[in-house]
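Asks: The following block contains the structure, expressed as structure tokens.
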Amino acid sequence: MKIIGNRVLIEQTSVKNESLIIMTEKNKGSDLIITFKVLQLGNECPTGEGHVKVGDVPIFSENVTFSGHKTIDVTKAPNGEVTKLIAHTIVYYDDIIATEND
């Protein structure tokens with residue numbers, strides 16, 4: 001897959017939360033931990049120091065739209081319940097408002 005324009009290919013990993021941590025009101029009812037990683041930048045995305053790069057962990061704007069969702073891998077428990085899902089999705093570069101530092 002080749003991403004074009006000012007779009008970014010993101011890997012989304014969803015893993016079932018097995019901990020007993022009490023979730024905040026915002027996350028209540030969700031038993032998934034979701035992480036993201038930048039896989040590819042389109043040809044119109046800014047590059048260089050201070051810009052998003054491949055491998056970054058993006059933080060999205062509140063109104064981000066995920067599109068072009070493609071499931072890459074699914075891991076299921078013996079009872080058939082999904083315990084891990086890896087998917088690729090596309091977002092606009094401008095919907096990434098920050099990246100997490102390692």
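Asks: Among the residues of segment 50-73, write down those that are exposed (fewer than 13 other Cβ atoms within 10 Å of the Cβ), assigned to a loop (DSSP other than H, G, I, E, B) and not hydrophobic (A, V, I, L, M, F, W, C).
Replies: G50, G55, E62, N63, T65
Asks: Let me ask something else. Quick one: how many residues across segment 1-33 are modelled with pLDDT of 85 or more, exposed (fewer than 11 other Cβ atoms within 10 Å of the Cβ) and of a type in the set (V, I, T)?
Replies: So the answer is 1.
Asks: Against the definition (modelled with pLDDT under 90 and acidic (D, E)), how does E81 come out, yes or no? Give the derivation first.
Replies: On the way: modelled with pLDDT under 90: yes; acidic (D, E): yes.
The answer is yes for E81.
Asks: Further, regarding this structure: Hey, V52 hits all of (1) among the aliphatic types (A, V, I, L, M); (2) within 29 Å of E18 (Cα to Cα); (3) in contact (Cβ under 8 Å) with a residue 40 or more places away in the chain but one; which does it fall short on?
Replies: Answer for V52: the failing condition is (2).
Asks: For segment 75-89, indicate whether the set of residues that are farther than 19 Å from V15 by Cα and either free of Cβ contacts under 8 Å to residues at least 60 places away in the same chain or part of a loop (DSSP other than H, G, I, E, B) (or both) is non-empty. Full working, then the answer.
Replies: Step one: of segment 75-89, the residues farther than 19 Å from V15 by Cα are none.
Scanning segment 75-89 turns up no residue that is farther than 19 Å from V15 by Cα and either free of Cβ contacts under 8 Å to residues at least 60 places away in the same chain or part of a loop (DSSP other than H, G, I, E, B) (or both).
Asks: Identify, from the list I72, I90, I96, the residue that is hydrophobic (A, V, I, L, M, F, W, C) and either under 22 Å from N17 (Cα atoms) or modelled with pLDDT under 95 (or both).
Replies: Working: I90 fails: either under 22 Å from N17 (Cα atoms) or modelled with pLDDT under 95 (or both); I96 fails: either under 22 Å from N17 (Cα atoms) or modelled with pLDDT under 95 (or both).
After ruling out the rest, the residue left standing is I72.
The values are calculated or read from the model by the stated rules, or taken from the named source; none is laboratory data. Every value quoted in this text rests on a predicted model; they were computed, and no experiment measured them. All Cβ positions, glycine included, derive from the backbone under ideal geometry; neighbour counts span all protein chains shown.
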